[in-house]
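Please read the structure below before turning to the comments.
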Amino acid sequence: DRRLAKGPLHPQVKWKRPLGSGYAGIVIAGPRLVTAYTDGSHDRLICLDKSNGTTQWDIAIDAGYRGRNGSFDGPLATPVVSGQTVVTLTAQGRLLAVNLLDGTVLWSRRLTEPPINAPSPHYGFSSSPIIVGGIVIVLAGGPGAFATGFDLASGQLAWKSGDDDVQCQSAIYTKLAGQQMVVAAGMSKLFGLDSQTGKPWFELPHDGRGARGALSIVPVVVDENRLFIAHDDRASRLYEVIQATDGLVVRPVWTTPAIANTYNVPVVRDQVLYGYNDRILTAVDPGTGNRLWRCREPGDGFHIAVDNCLVVITKRGVLNLCAASNSRFQSLARLPLFEDLVWTPPAYSDHAIYARSLGEIACVDLLGSSSSVTTPVARNHAFKMAPG
């Protein structure tokens, strides 16, 4: 149910529990939640009961990853679920599939080993895998292996494609100009690939630059013919994809300084782009690239779009519900949730928001039902910024 709520919003903490450090997002799979964290000695994949946060299973997936250059420890990539299979990528490059019901490992592969031989990214492997038609697709990086496809059932390599380096980028699966494809950007190029073969639909340079440059691009589909990427420290770009007689033509439409490259992925709602420029939330007209409004509220953070609202969790741990408006910023509700650093977007399901910090995970009931309880937050980390 993608409707945020019926009636007034009264967000209250339904449950909260400790969870070790990590950047991995929360995946909702029916009555379960799946995410990854570190216990200090090992990085772990955990499955929780969505209704109360109790552990269903919890397995070690790799040695504990130590963050670099001031970043925090733990897994970086968000898992993906297909049917009863969970696939995740560890920061050290182990791609593995486990059974959703009990956490049994089904298969695993190391991207750093043959036949991929991917170089280790500076901050660790953080490309979140996707699953399309029985193929697990993950960005690996390096000559001939920018993107890789693995058979979901066996873990065997199905294809590898493209020459580009990978840092914190992730792929999406979408339809552009009438063609279903995987779209992804590396450090220098933008690709459209066939999900089953890796064959390119298109490949072109995106000209990202700056200290972070294209470090964390995740493409955003505006509509069936337009694609947006925040490719540069000081700018972002919209492309048009057109079906021509000899294939797809991809051309830039506009470039704007209104939204710039950050670790936050922009979202589209009702033909408005919402993203960050540094720490300022900004709305942009995707038709022109012109800024509609910008506001320092609710603060630097991560956002998703649900119904006609933006759900924003700030890096300082405050959950905000905001109107998705093309005219101004409008706060609908606000709830202090964590005292430690947040570096992960929230997730939504059945009138509830699920969010995590670097020390806790919580469920927020948007309707404020009588079963909700407000749990005092506990400080688990001194506040410090990770790279970006």
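GNM remark for the chain: springs join alpha carbons under 10 Å apart, and the peak mean-square fluctuation among GLY70, GLY317, GLY275 falls on GLY70.
ARG251 contributes an accessible area of around 120 Å² to the protein surface, as traced by a 1.4 Å probe with all chains present. Note that the range 254-326 presents 35 Å² accessible area per residue, ligands and nucleic acids not counted, probe 1.4 Å. Bridging of LYS160 to aspartates and glutamates at a Cα separation below 13 Å is possible for ASP151, ASP194, once same-chain residues fewer than 8 apart are set aside. Which of the aspartates and glutamates could a cross-linker bridge to LYS189, judged by Cα under 17 Å and excluding same-chain residues fewer than eight apart? Cross-link targets: ASP163, ASP164, ASP165, GLU203, ASP207, ASP232, ASP233, GLU240. Candidate cross-link partners of LYS50 among the aspartates and glutamates, defined by an alpha-carbon separation under 16 Å and a same-chain spacing of 8 or more, comprise ASP1, ASP58, ASP102, ASP350, GLU360, ASP365. Computed from point charges on the beta carbon alone (+1 for Lys and Arg, -1 for Asp and Glu), the dipole magnitude for the chain about its Cα centre is near 780 Debye. Here the calculated FRET efficiency for LEU106 and ASN52, from their Cβ-Cβ distance with R0 = 22 Å, stands at 0.20, rounded to the nearest 0.05. SER327 to LEU157: FRET efficiency via 1/(1 + (r/R0)^6), r the Cβ-Cβ distance, R0 35 Å, to the nearest 0.05? For R0 = 35 Å, the calculated efficiency reads 0.10.
Averaging the Cα positions of each part gives two centres, and for the range 119-137 and the range 297-353 these lie 27 Å apart.
Could you tell me what percent of the accessible area of the chain is made up of carbon and sulfur, with a 1.4 Å probe and every protein chain present? In the chain, the share of accessible area belonging to carbon and sulfur is 48 percent.
Modelled this way, with points 7 Å down the Cα-to-C-beta line, the labels at ALA60 and LYS175 are 4.6 nm from one another. Between amide H atoms placed 1.01 Å from N, distances below 5 Å from ASN326 occur with no residue 5 or more places distant or on a separate chain. Amide hydrogen proximity for ALA235: with H placed 1.01 Å from N in the peptide plane, the residues at 5 or more positions away or on another chain lying under 5 Å are ASN261. Taking all protein chains as they are arranged and a probe of 1.4 Å, the heavy atoms of HIS351 leave approximately 50 Å² accessible to solvent.
So if we plug the beta-carbon distance of GLU113 and ARG17 into 1/(1 + (r/R0)^6) with R0 = 41 Å, what FRET efficiency do we get, rounded to 0.05? The formula returns an efficiency of 0.70 here. Between LEU367 and HIS10, the modelled labels are 1.2 nm apart [label points 7 Å from Cα along Cα→Cβ].
The values are calculated or read from the model by the stated rules, or taken from the named source; none is laboratory data. Just so it is clear, the model here is predicted, and its values are computed rather than measured. Please note: Cβ atoms are built from the backbone with ideal geometry, for glycine as well, and neighbour counts cover all protein chains shown. For the accessible areas, the whole protein counts, side chains as well, though only heavy atoms, and no ligand, DNA or RNA atoms are used. Shrake-Rupley method; radii C 1.70, N 1.55, O 1.52, S 1.80 Å.
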